[in-house]
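Here the structure is laid out as structure tokens; the discussion comes afterwards.
What follows is calculated from the coordinates using simple rules that are stated; it is not laboratory data. Bear in mind that the values here come from a model prediction, so they are computed numbers and not experimental data. In this analysis, Cβ positions are derived from the backbone assuming ideal geometry, glycine residues included, and neighbour counts consider all displayed protein chains.
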Amino acid sequence: MAKGSVRKKGRKWYYRFYIEDESGRQVQKEFAGTESKSETEALLRKAMEDYEAKRFVGKAENITVGEMLDLWIEEDLKPSSLSNGTVMAYTAAVKKIKKYPIGSRRLKTVTADHLQAFIDFMSYGGTNPDGTASPPMSKGYMLQFSAVLQGAFRFAVFPKRLITFNPMQYVRLRGRKEEADIFCGEEAEAVSRPTITHGQYLKLTGYLKDRKNPALLPVQIAYYTGLRIGEVCGLTWQDINLDEQYLTVRRSMRYNGTRHKTEIGTTKRSKVRTVDFCDTLAEILRAAKVEQHKNRFKYGELYHLNYYTVVKEKDRSYYEVYSLPRTAEVPEGYKELSFVCVRPDGMFESAGAVGQVCQKARKQVEGLEDFHFHMLRHTYTSNLLSGGAKPTDVQELLGHSDVNTTMSIYAHATREAKRTSARLLDKVVGGA
């Protein structure tokens, strides 16, 4: 609260109080009151209340968009009820926005035109200030960036009162239009999500087996269950029922680049789901469990056990993951986790490590030049749909929010599946 006082000069009373100037320094301002001391004191109280309600933070005139975004993260985003995964994604988006000229622009000079130009640049692509090419962003990323800017500029208006209105309310996401060649003689090619053939899968697993790479098991699990990379790495043996052949997806592992910690948290939709699996994967998992049991004896004291601990920051809980040698003293608050995907010495296999192995494989395995881990999820779904699985069943297995999401992404399945569906009409009208 600002400090103030009143004083009498001649017949009139004056009131004064300290405020922050644009540099954040305390300076005294004095105003004329009335001939009544009590009335002047009332004016002082009212003036200080107005100042506290309407003042800007120190250097408000000079604050940049980037500085405002950092303020939004600390004071609005982190204390919010959003999941840790969403907070991490939004923080990463802020880091990227700050690399562009919009990040260093003074907040008070930003207009809707500036923001629209930036959003269009991200959406359509173009040339960066350093001369490098900036490829168009996907619709999913654009929605994320828009959500960040919408939330941050609302925050700048209220409660921070750094600006008087939100220019983001006039900005629109304008998607790229696809130009169709209506005179092209080539066959139409359906837009599809990339998948791999079973032969390519065998090449990939053969490559990993030859090198005894611990990324092998995560790849196998994803191929036969469609789990995301973080969901695979977050599985524990308690999540797997080998007798009835199903697993329960409860958590996801990720690296928090802001906190520089490996963490486990909720899945993308924050929902628990059950995924049944085939005999092939059941045998793979049984063999892995036996192998891990043998490694406990083989490595002895050098074998690692995995733990998580809860860390609270700004009313937000983070579940950090650690590996310790089995002979190490376990810190208070650490709870053991029996991860399914581990290295020979027992240390957990992180999502980042698996992703790096996949990047290396695409360079060294012929036919996998465009491969990335998420293609295993696409392949799983395509295999189910082309095999006759119900879209609603596939939706539940994947953990999509609704069946439209499943169908809009995967309805292409395979060219042969479409032919089969179209020819069903022959059975109906065949006798005509």
Is there a pair in LYS298/LYS360; LYS46/LYS108; LYS268/LYS294; LYS139/LYS289; LYS46/LYS312 whose C-alpha atoms are over 31 Å apart, and which pairs would that be? LYS268/LYS294; LYS139/LYS289; LYS46/LYS312
According to a simple spin-label model (label point 7 Å from Cα along Cα-to-Cβ), what is the distance in nm between TYR124 and GLU39? 6.3 nm
For the residue pair THR274 and ALA112, what label-to-label distance in nm results when each label sits 7 Å from Cα along the Cα-to-beta-carbon direction? 5.1 nm
Please compare each pair in LYS29/LYS160; LYS29/LYS78; LYS98/LYS271; LYS98/LYS160 to a cut-off of 28 Å on the Cα-Cα distance and tell me which ones are over it. LYS29/LYS78; LYS98/LYS271
If r is the Cβ-Cβ distance from LYS139 to VAL310 and R0 is 35 Å, what FRET efficiency results, to the nearest 0.05? 0.50
Return the FRET efficiency for the residue pair VAL157, LYS390: r is the Cβ-Cβ distance, R0 is 51 Å, and the value is rounded to the nearest 0.05. 0.60
Shape of the stretch 306-367, Cα gyration tensor, a/c cut at 1.5: oblate
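Mind ordering 119-128, 337-346 by average Cβ neighbours within 10 Å, highest first?
My ranking of the peptides, most packed first, is 337-346, 119-128.
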If R0 = 35 Å, then VAL365 and TRP237, at their Cβ-Cβ distance, give a FRET efficiency to the nearest 0.05 of 0.70
